[in-house]
Structure formats: C-alpha cells, structure tokens
1. Ordering 105, 67 by accessible area with a probe of 1.4 Å, largest first, what comes out?
2. To the nearest 10 square angstrom, how much accessible area does residue 124 have with a 1.4 angstrom probe?
3. Please find the FRET efficiency linking residue 95 to residue 5, where r is the Cβ-Cβ separation and R0 is fixed at 45 Å, and quote it to the nearest 0.05.
4. So, in Å, what gap is there between the alpha-carbon centers of the stretch 26-60 and the stretch 139-165?
5. Give me the accessible area of residue 109, 1.4 Å probe, in Å² rounded to the nearest 10.
6. Below 24 Å, Cα to Cα, which lysines can residue 116 reach? Residues fewer than 8 away in the same chain don't count.
7. Have a look at 131, 36, 58 and report the one farthest towards the positive end of the charge dipole of the stretch 31-132, computed about the Cα centre with Cβ charges (Lys/Arg +1, Asp/Glu -1).
8. Using a 1.4 angstrom probe on heavy atoms only, work out the carbon and sulfur share of the accessible area of the chain in %.
Amino acid sequence: MESNWKTIPAVLREPKIRPLFVMQLQVAPALSVGTTASGPKRVAIVKGGQVSSDIPGLAATVHPGGSDWLTEKRDGSLHLDARIVLETSGGDQILMSYTGIRHGSVTVMQDLAAGKELPADAYYFRISPRFETASQPLDWLNRVVAFGIGQRLADGVRYSLFEVS
C-alpha cells in the first residue's frame, strides 16, 4: 500500500496542539561528573520554579530538589534527562519527567555554557515531557503526549509546553 501526504486523512497529517503551560525553573550551576561512557556529564539541581497556565487547576510551583542530567554528545548537542515535582495551587502533586535536546552553533553552545542569555530562536531546544499524578481533576495529564520549546536563561530555563491532540 502506498501512502503520501496528499492521500491520507487530515487528522494524520495535521497535528493539533493546545498550550498547556509556561514553566520557569531556577537551576543551580551544574556539577561536572566527568566523562562517562556516554560522554561528558553534568547534573543541574533545580532550586524551584513557577508554572502558569490558562487551564484551571494547572498553575503550580516547582519543588526544589529536582535534577537535570546533561550529557554532551560528540556532535556538540546537549541531551537532557530531568525529573521534577510540581505542586498545583490546589495542593495536587504532578511528577514531570522529560528528555530533550539543545543544540546550536559552536559559538552559541559556548555562550550558553558560559551563562549568556540568548534569544530562543538562536538555537534548537526541545523537550518531550511525561506526567504522572494521582489527582482526579488532573488525571488526563497521565494520558497526554506533549512537547516543549525551551530557552536557557541566566539562572535557569523557561519552557512553553503544548499538548498534542
């Protein structure tokens, strides 16, 4: 069977997205672990943060103590593996894990590593989050596919997250 973009239904070729939230994290300077089998590795501890959303019940704070394990690949890209805990204004807990990739020119990556804040369109920074919660009102988060677009800030990161519907 042959398929191409012109013959498949619109639902299969035109994904729809819905804004979930904007999250800003404050992150401590990364601890260098050294070069492991997968490449140079650093661990950044999340000091806290905020989540703002137009979706009822989704505004939250980020608990301190989460972490982001960063691996620098031979091609200069940075691979992220993070775990954080959100607490909504209603007291519900949301576990959020995400993997991601940040890459750009050698100069841009050096500037970001030095703590310079650059425009978000100067490099590629995307994440793929997963959510877990015991909250009944937010149970739908357990079953969504989402993605985020990031920007490295001087003291952390900012993400815009979207649900793929």
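1. Values: 105 60, 67 25 Å².
From most accessible down to least: 105, 67.
2. We get 100 Å² for residue 124.
3. Numbers: r = 37 Å, r/R0 = 0.82.
So, using R0 = 45 Å, E works out to roughly 0.75.
4. 12 Å
5. Roll a 1.4 Å probe over it and residue 109 shows about 30 Å².
6. Filter leaves 41, 47, 73.
7. The listed residue farthest towards the positive side: 36.
8. Details: 5450 of 9710 Å².
Its accessible area is 56 percent carbon and sulfur atoms.
The values are calculated or read from the model by the stated rules, or taken from the named source; none is laboratory data. All figures in this text were calculated on a predicted structure; none of them were measured in a lab. Reconstructed Cβ throughout: ideal geometry from the backbone, glycine too, with neighbour counts over all protein chains shown. Quick note on the areas: whole protein, heavy atoms, side chains included, nothing else; ligands and nucleic acids left out. Shrake-Rupley method; radii C 1.70, N 1.55, O 1.52, S 1.80 Å.
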